[in-house]
Number of protein chains: 2
Amino acid sequence: MDTLTALNQFREHIQTFVPLTDTEWQVIVPYLEVSVLKKKKNFVEPGKVCNQIGLVVKGSVRFFHVKDGEEITGYFCFENEFISSYKSFLTRQPAINYIQALEDSILVTLNYNNTQQLYADDLVGHKMERIYRLVAEHYLICYEDRVTSFITQSPEERYNKLLETGGEVLQRIPQHYVANFLGITPVSLSRIRRRIMKISA
Amino acid sequence: MDTLTALNQFREHIQTFVPLTDTEWQVIVPYLEVSVLKKKKNFVEPGKVCNQIGLVVKGSVRFFHVKDGEEITGYFCFENEFISSYKSFLTRQPAINYIQALEDSILVTLNYNNTQQLYADDLVGHKMERIYRLVAEHYLICYEDRVTSFITQSPEERYNKLLETGGEVLQRIPQHYVANFLGITPVSLSRIRRRIMKISA
DNA sequence: CCAAATTCTTATCTTAAGTTAACGTTTTGA
DNA sequence: TCAAAACGTTAACTTAAGATAAGAATTTGG
């Protein structure tokens, strides 16, 4: 995928929720960067400030923590999803997590300074605020659902829900990542899967 | 507390993260409403679309779900915090939760239509987008932390962290609400408390 | 002011998840 | 291509949490 295709895909994605004129797009483009993130390479690392918000235009990434030497997966992102260690990006504090490519991936990124400049721009500032308001609101809803599932559902219920709705995650992601995404161990997920198989068999 | 005091407190709070000129404030004020929410009264109910974002200027509220006849508490909000069932507010779908006053409370609210009108206003639209972008980002960070705690910490670790940082919640809130905020049962929290007492004794 | 409801703790029992380890299979990369 | 690493399942054991119930202390509302 070339740079132009990546940028166009970024524009297309933005336009699914905020229309952009060609004039506005021409203002925004110079602030964007296209970058390749090879499998296993980090977009964010603990101890470093996350300086970008990226849109995955190709590939997939995994967000995870390391605790007691163990990797604990928070979530995954696929094509047309924004990634960032938001807390770090927004507060300018060092991140406490990794964001790492699961496959060779292509990202369109906007760094912190450029973001602030675009917010301050007379022509596109209002629209950029809107875009990133909507992005934040979108992920706010995702997290709201996630927290709800943790307090109202058992691990088995969470897995069943994922079976219904999260097809992509389950097909593209190793099971032990899915397990700690669900808040459980791989062993435990394996047991849940067996239980479900027996019921449906 | 009278209406004027409530509105001024709203303005003061907004100005902690976005400055407002008097002119801008005069544009915004007519869209705001001040409302009293008596203890145990609902700000949001399942099945109804949440039509407001509110700022708690006095009192406190509790966000909870009802599952199998049981109330499961998601979180609490105190003075100078925004409340809404964001998913419902943003998507215009019926809410699936309650938001209920824990004490007699006063809220400054902005309803959905007024929010959209303010976003579209030439004078304050840009700033309103910014304000609600920052609000969404703030709560996004809160939820990010919350999810992180669920996947990386045990209930006991979560409670210890709450002891360190969440003084207000622990002083003003019945323990069984805190328990399901932590994702555990009241009985389980009681056991954790005993364990901690023994260690520190 | 007092009865009813709520809250918290404790105990018992049950159930589910964590831990560790072993084993076969698949994937990876040198 | 082939050895090493990663992955998923299973088993045995340990640990912690859920469910239920009872009882004491506190709070609430009429």
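When the test is whether a residue is within 12 Å of chain B (Cβ to nearest Cβ), among the hydroxyl-bearing types (S, T, Y) and away from DNA strand C (no atom under 16 Å from the Cβ), A:Y139 passes it.
Is it the case that region A:148-159 has a residue that's out of contact with any Asp or Glu (no Cβ under 8 Å at 6 or more places or on another chain), aromatic (F, W, Y) and more than 14 Å from every other protein chain (Cβ to nearest Cβ)? Yes.
Which condition from (1) exposed (fewer than 15 other Cβ atoms within 10 Å of the Cβ); (2) within 16 Å of DNA strand C (Cβ to nearest atom) is the one that B:E164 breaks? For B:E164, the failing item is (2).
Table: residues versus (1) within 16 Å of DNA strand D (Cβ to nearest atom); (2) over 16 Å from the mean Cα position of the chain (by Cα); (3) within 22 Å of B:Y177 (Cβ to Cβ); (4) within 14 Å of another protein chain (Cβ to nearest Cβ).
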{"residue": "B:F10", "(1), (2), (3), (4)": "no, no, no, no"}
{"residue": "B:Y31", "(1), (2), (3), (4)": "no, yes, no, no"}
{"residue": "B:V34", "(1), (2), (3), (4)": "no, yes, no, no"}
{"residue": "B:G47", "(1), (2), (3), (4)": "no, yes, no, no"}
{"residue": "B:K67", "(1), (2), (3), (4)": "yes, yes, yes, yes"}
{"residue": "B:T73", "(1), (2), (3), (4)": "yes, no, yes, yes"}
{"residue": "B:F78", "(1), (2), (3), (4)": "no, no, yes, no"}
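For region A:49-68, the criterion of being part of a strand (DSSP E or B), closer than 24 Å to A:L4 by Cα and of a type in the set (D, E, K, R) is satisfied by at least one residue. Being crowded, with 18+ Cβ neighbours inside 10 Å and under 17 Å from B:T109 (Cα atoms) is a property that does not hold for B:G74.
Within region A:171-186, residues that are away from every other protein chain (no Cβ under 14 Å) have Cβ atoms under 8 Å from residues that are within 8 Å of DNA strand D (Cβ to nearest atom) and open to solvent by less than 30 Å² (accessible area, probe 1.4 Å) in these pairs: A:Q175/A:L189, counting only partners at least 6 apart in sequence or on another chain. Applying a threshold of 7 Å to beta carbon distances and a minimum spacing of six or more residues, or different chains, the list of pairs starting in region A:77-98 at a residue that is within 24 Å of A:L7 (Cα to Cα) and ending at one that is open to solvent by 60 Å² or more (accessible area, probe 1.4 Å) and part of a helix (DSSP H, G or I) reads A:F78/A:E168. Please work out if B:E45 is open to solvent by 10 Å² or more (accessible area, probe 1.4 Å) and modelled with pLDDT of 95 or more. No, not satisfied. Every condition in (1) at pLDDT 95 or above; (2) touching a strand residue (DSSP E or B) at 6+ places or on another chain (Cβ under 7 Å) is met by B:S60 except one, and the failing one is (1).
Residue-wise test of (1) more than 24 Å from B:L170 (Cβ to Cβ); (2) of a type in the set (K, R); (3) open to solvent by less than 50 Å² (accessible area, probe 1.4 Å).
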position: B:F78; (1), (2), (3): no, no, yes
position: B:S85; (1), (2), (3): yes, no, yes
position: B:F89; (1), (2), (3): yes, no, yes
position: B:I99; (1), (2), (3): no, no, yes
position: B:N114; (1), (2), (3): yes, no, yes
position: B:Q117; (1), (2), (3): yes, no, no
position: B:A120; (1), (2), (3): yes, no, no
position: B:L123; (1), (2), (3): yes, no, no
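The values are calculated or read from the model by the stated rules, or taken from the named source; none is laboratory data. This one's a predicted model, so the numbers in the text were calculated from it and none came from an experiment. Glycine gets a Cβ as well: all are built from the backbone with ideal geometry, and neighbour counts include every protein chain shown. To get the accessible areas, we keep the full protein, side chains included, count just its heavy atoms, and leave off ligands, DNA and RNA. Shrake-Rupley method; radii C 1.70, N 1.55, O 1.52, S 1.80 Å.
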